[in-house]
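**Student:** Starting off with a structure, shown below.
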Amino acid sequence: PPLGCPNPDGHARYHQDLDSLPAGVSGSGPAPPELDSQRSGPVDQRVYGITSRTGLQREYHLDFQDRYRSGETENEEEGEDREDPVIPAAFGILERSLEPDQTRGGISHWRFQAEAVFLTPEAWTSPLVVLTNDPLTPAQLILEGRDSQVREQSDGSLILTSATNRGLLDGRLSVPLPRRIALDSSRPSWALLSDRNRRDGVYIERTLAPHSVLGGELILSPQLMLGRALSGTTDAYPPGHSSPEAEPVRQVISVGDLFGLDVRYRRPVGPQGQLRLRADFSTLSPHHVPNRTRAEANLSHPLTLPLLGETKATLSAAYHFSVWNGSLGEQDVYTAFGGFLEKDYQFPQLGSVRNRLLWRLGLQNINTTVFDTKDLSGNTWRASGYVRLTSTLPIWQGEILEDSTQALRYVPRPIRPEVSLTTFSIAHSSSYDDHSGQRYYTLGILSDVAMGHFSRPYLDYTKLSIGGSVSAVEQISRFGFDRAIDLGLLHISWTQQLVGPLLLSTSMSYNVDGRSEKYGHRIDSLFEIKWQRRAYNVGIFHSPERGLTGLRIRINGFDWRGTGTPFIPYTPSSWLHDNR
């Protein structure tokens, strides 16, 4: 340092601490960051304008019924277009994520510190580098790489390759990581998954690097079926050359049954449109591919129409998919193709009341099962219209905490205590080419109460939602996938902080239609226990009705302004004040 610089040996001490702190998770060595922060008082964070903007989410489904796997969560609109909508009288509340409303994608901001950085035209290298997505210090999630190299790929993504990589959670738990990590990609390289209905249990999936094809992105995920390899049999398919609705039977596997493939393709179309393709092969055996393969294509683009303004137009086609329809459970649709026009309009706020209108018009050709006979309908044309008006009245709103270290202690964005009341009304009409059809009208109400800021050690956050709906049906569908079946619903959702970052969430819907055979039955539910932190969260969830159990991992992303405080090593604010 220059002559007369205060604390001339500070850099040397920092160099030693940087080398030792990440490696010492337990035993002798520096105290964990969180304990250190409790001793030394508040830190001058030197950041402001923190916003939760992006995040990565992965779901590993351990055991579920005949459904697509959500190995990575992408745009949720895929299901909406396909279902049009297919939960006739229900809230659709269970379809909403329990997570905060964030855009899912890559992490846009990283903080990093390094022992030394060597820059070349091709890459930068470092003997020791530590990164975090956390804007605050102490950092709750740290990625450490030794003998590391970072290269930018042709698509702009960054790849970190190290001799060893590991994650450090809250300065206590060390998690080994692959040597090669995509810093701004949500796609896992390897996954151990389970699908008992379509893949006979456990299988391994390897997601390959994306390839640029015809102006778009192609992602291939080969699969190896461990369950079939161990048993030598499968009961996921009907006999060869059977009709699609035939029941599966146990049979000896062929070589092709040991392998599967998930194919995804996405490319922009025009300035605002997008084409999405997906094919999911649970087997590569020629005898079984036609029976259980799933495929879909979706082309969406905004259109400007007279009187209607900007409207979303969608063309879609699908082969073999399932739809959840309340107490009827999963309903199969074997083929569907058609198009939709849709507009979601937010009215100008009327006092404190917020009003939102969604309408959709569609025309489809479908081949699905008839509700009474379970036989295939054959190709049937279906025209449909759907309108939903939602009104939300904020009854009371509290204040968010101004201190970001307290407000963001456990959550990626400050929580505002509030009480609100939401009403919704739905009108739906569909007609088929055999002159049958369905019409129903729904009225519903939902109250939301959120108390606490989720900043104290225990019982500082509670959210309770209670609602109900009633439906009147003029004409009922002869198909199972869109049949209005639950004409009276009661919904209860409860989220509670227990101790520290431990969070419990439950969401349940009950049939309360006295004329229904399912009266008093729980028709849908989701239970989750979660370790909720500002920088990440991990949760285990289970839905008994859907036969769905899994592990959900989210790495939160942030935008912020300012330089931030060094997070390795974490140093007391008094040291920072004296040695700036």
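**Student:** Output yes when any residue across region 360-368 is basic (Lys, Arg) and surrounded by fewer than 20 Cβ atoms within 10 Å (Cβ to Cβ), and no when none is.
**Tutor:** No, there is no match, as no residue in region 360-368 is basic (Lys, Arg) and surrounded by fewer than 20 Cβ atoms within 10 Å (Cβ to Cβ).
**Student:** Here is a check on your reading of the model: is Asp184 touching a strand residue (DSSP E or B) at 6+ places or on another chain (Cβ under 7 Å), modelled with pLDDT under 80, surrounded by fewer than 20 Cβ atoms within 10 Å (Cβ to Cβ) and of a type in the set (Asp, Glu)?
**Tutor:** yes
**Student:** Right, another one. Suppose the filter is under 28 Å from the mean Cα position of the chain (by Cα) and either closer than 28 Å to Ser507 by Cβ or surrounded by 15 or more Cβ atoms within 10 Å (Cβ to Cβ) (or both); does Arg382 pass it? First the steps, then the outcome.
**Tutor:** Working: under 28 Å from the mean Cα position of the chain (by Cα): no; either closer than 28 Å to Ser507 by Cβ or surrounded by 15 or more Cβ atoms within 10 Å (Cβ to Cβ) (or both): yes.
Against the criterion (under 28 Å from the mean Cα position of the chain (by Cα) and either closer than 28 Å to Ser507 by Cβ or surrounded by 15 or more Cβ atoms within 10 Å (Cβ to Cβ) (or both)), Arg382 does not qualify.
**Student:** Looking at the structure I just gave you, is Leu230 outside any loop (DSSP other than H, G, I, E, B) and more than 30 Å from His521 (Cα to Cα)?
**Tutor:** Considered against the rule, which asks whether it is outside any loop (DSSP other than H, G, I, E, B) and more than 30 Å from His521 (Cα to Cα), Leu230 comes out as yes.
**Student:** Just give me the residues in region 147-165 being touching a Lys or Arg at 6+ places or on another chain (Cβ under 9 Å) and part of a strand (DSSP E or B), in sequence order.
**Tutor:** Answer for region 147-165, where residues must be touching a Lys or Arg at 6+ places or on another chain (Cβ under 9 Å) and part of a strand (DSSP E or B): Leu158, Ile159, Leu160, Thr161, Thr164, Asn165.
**Student:** Being at positive phi, surrounded by 15 or more Cβ atoms within 10 Å (Cβ to Cβ) and touching a strand residue (DSSP E or B) at 6+ places or on another chain (Cβ under 8 Å) is the filter here, so list the residues in region 295-329 that pass it.
**Tutor:** His320, Gly326
**Student:** Has region 526-542 got any residue that is aromatic (Phe, Trp, Tyr), buried (at least 16 other Cβ atoms within 10 Å of the Cβ) and modelled with pLDDT of 90 or more?
**Tutor:** The initial filter retains those residues of region 526-542 that are aromatic (Phe, Trp, Tyr), namely 527, 531, 536, 541.
Okay, now just the ones that are also buried (at least 16 other Cβ atoms within 10 Å of the Cβ), so 531, 536, 541.
Checking which are modelled with pLDDT of 90 or more leaves us with 531, 536.
Yes - at least one qualifying residue is present in region 526-542.
**Student:** Across region 300-337, which residue is farthest from Asn367 (Cα to Cα) among those that are over 23 Å from the mean Cα position of the chain (by Cα) and among the β-branched types (Val, Ile, Thr)?
**Tutor:** Checking each candidate, the answer is Thr304.
**Student:** Where the second residue is outside any loop (DSSP other than H, G, I, E, B) and the first is acidic (Asp, Glu) and lies in region 280-293, which pairs have Cβ atoms under 6 Å and are six or more apart or on separate chains?
**Tutor:** Asp280/Asp262; Asp280/Arg294
**Student:** Return the pairs, sorted by first residue and then second, in which the second residue is in a loop (DSSP other than H, G, I, E, B) and of a type in the set (S, T, N, Q), the first residue lies in region 450-475 and is closer than 23 Å to Ser525 by Cβ, the beta carbons are less than 9 Å apart, and the residues are 6+ apart or on different chains.
**Tutor:** Within 9 Å, the pairs are Tyr461/Ser455.
The values are calculated or read from the model by the stated rules, or taken from the named source; none is laboratory data. A quick note: this is a predicted structure, and the numbers were derived from the prediction, not measured. Because the Cβ atoms are built from the backbone with ideal geometry, glycine has one as well, and the counts that use them run over all protein chains shown.
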